[in-house]
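The values are calculated or read from the model by the stated rules, or taken from the named source; none is laboratory data. Only a predicted model underlies this, so the values are computations on that prediction, with no experimental measurement involved. A quick note on method: Cβ atoms are made from the backbone with ideal geometry, for glycine too, and the neighbour counts reach across all protein chains shown.
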Amino acid sequence: MHHSANWAQQVFLDIVDLLRSRSGADLVWVQYVSRSGEIRLLQSEDVFESPPLAWPRSACRAALDNGAAVMRTDYDMSQVVPTKTPLVFSRLVCRALKLNLGTVVVSVGWFRDHTLTPQDEQLIDLATKLAGAAMESDACCGELCASYRGMIRGLLTVLEMRDIETIAHSRRVVTYTLLLAEQMGMAGGLYDELALGAALHDVGKLAISDAILRKPGQLSKAEFALVRQHPVIGYEMLRAPLKPFPTALAMVKHHHERYDGTGYPAGLAGRDIPLAARLLAVADALDVMTHDRPYQRARPLDQALAEVRAHRGMQFCPQCTDALLDMEVDALEAVRRGELDLTPTCQSLL
């Protein structure tokens, strides 16, 4: 879910349009070198087989090394950089700009004779600053996402160390959730965040003692009241680090709401409950019913589905219930047995 990458691509396309319309440029490409030396290349035409910055004799590399603009005339790029077609520029300008997290290099080339004007220089300067801002934002987002992934994996590891069944439950619930989302025709761009919310929905239970969570008999009123706090505890644990993922946060906080308004923690009803949380509630309940718990034995899948159907419109959202009941039973059985696991396909956040 790397939204700024799309934004950086759009900024690049706008830069290309600007330089082509105002200066008649034939080819534009932008390269960004991170602090670790990784190079990202955006090109207006697919002509380079690898980033020109990776080649020591390229004009781009000279601009990077000098930290300034480099101009070449009658320049055969194909002689120094592998290209898909011959690439000879009448004039080529490469401008570098050092930033906080890396360096951006913008290159603008003309195949026909072209006299560089002061306006062209101003446009290239502006394009370099715009490209730098976009690429820097993208790099920053990438570092933040890496931090999020590390934190999330850390939480999941703690859950696994605490109780292997808890992590197995989370993986199955992720898979049920994604299958339901597909059945309901939800946008694929949401799947990573749905997986994130489903994976972490029980993280608040880390604050509840094993004596309560694994109690074989009925919980006391005080114990049950404590267990009911786990969605809020989980939400508070994740609210700051997962601020960019509001759907996942809503899933953690509201997956125990009931469609009739008698759930917890907020007593939301109907469509006031976020759709992702309604979907997770069905997935979570199905998995709970079909696996042994300290307080109940596992039910066969057909009995669990019948239970969900019986509570359609009361505990469970009708739309989500219908989606579950329309799914292939064999697929649901495969998830229950652990033979179908979609969590490896959602590694951008997990």
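Values as computed for the structure displayed
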read-out	value
Yes/no for Gly261 being in contact (Cβ under 8 Å) with a residue 40 or more places away in the chain and among the small types (Gly, Ala, Ser)	no
Single unsatisfied condition, Asn66 versus (1) over 20 Å from Ala134 (Cα atoms); (2) buried (at least 17 other Cβ atoms within 10 Å of the Cβ); (3) out of contact with any strand residue (DSSP E or B) (no Cβ under 6 Å at 6 or more places or on another chain)	(2)
Unmet requirement for Gly185, which otherwise passes all of (1) outside any helix (DSSP H, G or I); (2) modelled with pLDDT of 90 or more; (3) loosely packed, with under 15 Cβ neighbours inside 10 Å; (4) more than 28 Å from the chain's Cα centre (by Cα)	(4)
Entirely in the range 191-277, the helices (runs of 4 or more DSSP H) that have 3 or more residues that are over 23 Å from Leu178 (Cα atoms)	210-213, 221-227, 230-238
Failed criterion for Cys141 (all others in (1) at pLDDT 85 or above; (2) in a helix (DSSP H, G or I); (3) surrounded by 18 or more Cβ atoms within 10 Å (Cβ to Cβ); (4) not small (Gly, Ala, Ser) hold)	(1)
